[in-house]
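Asker: I have a structure I would like to understand better, so I am pasting it below and will then ask my questions one at a time.
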Amino acid sequence: MHDLNARHPWSHNDHFHSWILHELPGRRRAALDVGCGHGGLLVELAPWFDRVEGIDRDAGMREVAARRTAELPHVDVPDTRFEDLTGPFDLITMIAVLHHLDLEQALTRVRDLLAPGGRFLCVGLAPPASLRDHAWDMASMATNPLIGAVKHPWPARRGPGAASDGAPPIKDPSIPLDELVRRAAPILPGLRARRHLAFRHTLAWTRPE
C-alpha cells in the first residue's frame with residue numbers, strides 16, 4: 001500500500017480546496033488562511049476576495065507562499081501571529097492546522113476575528129476513537145491509492161530530479177472528532193462537522209449576523 005501511494009502521490013489537503021470554494025460566504029471583502037503553507041489556497045481565494053491574508057508559524061513556508069503570490073497585489077503573507085491579528089475577516093480557513101493549536105483558544109480567536117455573517121471553514125485530522133471513525137479510516141485506506149491513480153496516473157519521479165519546496169511541520173492529531181465537536185459547541189454553537197475519505201474531516205461555522 002505504501003509503495004503504491006508513493007508511486008501515485010496526491011495532496012490530501014489540496015483535494016479539499018474545491019470544498020472551501022464551494023462554501024464561501026456571500027460577503028467577500030477579506031479572507032484569512034491560517035497556516036497557509038505553500039500558499040496554494042491563497043492563490044485560489046484571490047479571485048474571490050478584495051484582500052487575502054495568509055499566516056504561518058514557519059518562516060520557510062511564509063517565504064514560499066510569498067513567492068507564489070508575488071504577482072497578486074491584494075494577497076499578503078505577513079510575519080504576524082494568529083493572536084495578534086485584528087480582523088474582521090469574512091472567511092477564515094484552516095487546512096490540517098487546528099490540531100497544531102490549542103483548541104479552545106484557536107476557536108475563540110476564530111469567533112472574535114470573523115465579521116458577522118463570516119464563515120469558518122476547516123479541514124482537519126483526528127485520531128480514530130469510535131467504530132465510525134475506524135470505518136472511515138479503513139475506507140480511506142482502501143480508496144487512497146485509487147484516488148491517487150486517478151489524480152496522478154503517471155508514476156512519480158523519485159530521487160534528485162524531483163522538485164520540492166520543503167514540507168510543512170507535521171504533528172499527529174490527538175483529539176477525536178466527537179470530542180472536538182463537544183468542546184467546540186460552547187464556542188461555535190451550531191458548528192457543522194462531517195467525516196470524509198482521505199483521513200480528513202471538515203468543520204463549517206457561520207457567525208450570526
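The values are calculated or read from the model by the stated rules, or taken from the named source; none is laboratory data. Please read all numbers here as calculations on a predicted model, not as lab measurements. Here the Cβ is made from the backbone with ideal geometry for all residues, glycine too, and neighbour counts use every protein chain on show. Accessible surface areas use protein heavy atoms only, side chains included; no ligands, DNA or RNA. Shrake-Rupley method; radii C 1.70, N 1.55, O 1.52, S 1.80 Å.
Asker: Give me the 1.4 Å probe accessible area per residue for the stretch 71-148, excluding ligands and nucleic acids, in Å².
Answerer: Each residue of the stretch 71-148 exposes 46 Å² on average to a 1.4 Å probe.
Asker: In debye, nearest 20: dipole of the stretch 165-209 around its Cα centre with unit charges on the Cβ of K, R (+) and D, E (-)?
Answerer: Dipole of the stretch 165-209, to the nearest 20 debye: 160 debye.
Asker: Taking a quarter of the surface of the Cα convex hull of the stretch 4-93, what do you get in nm²?
Answerer: On the way: hull surface 26.3 nm².
For the stretch 4-93, averaging the hull's shadow over all directions gives 6.6 nm².
Asker: At 1.4 Å probe size, with the rest of the protein present, what percent of the exposed accessible area of the stretch 58-99 is carbon and sulfur atoms?
Answerer: Whole-percent figure for carbon plus sulfur exposure: 47.
Asker: Let me ask something else. Could you please report the charge total around residue 100, scoring K, R as +1 and D, E as -1 over all other residues with beta-carbon less than 11 angstrom from its beta-carbon?
Answerer: It works out to a net charge of -2.
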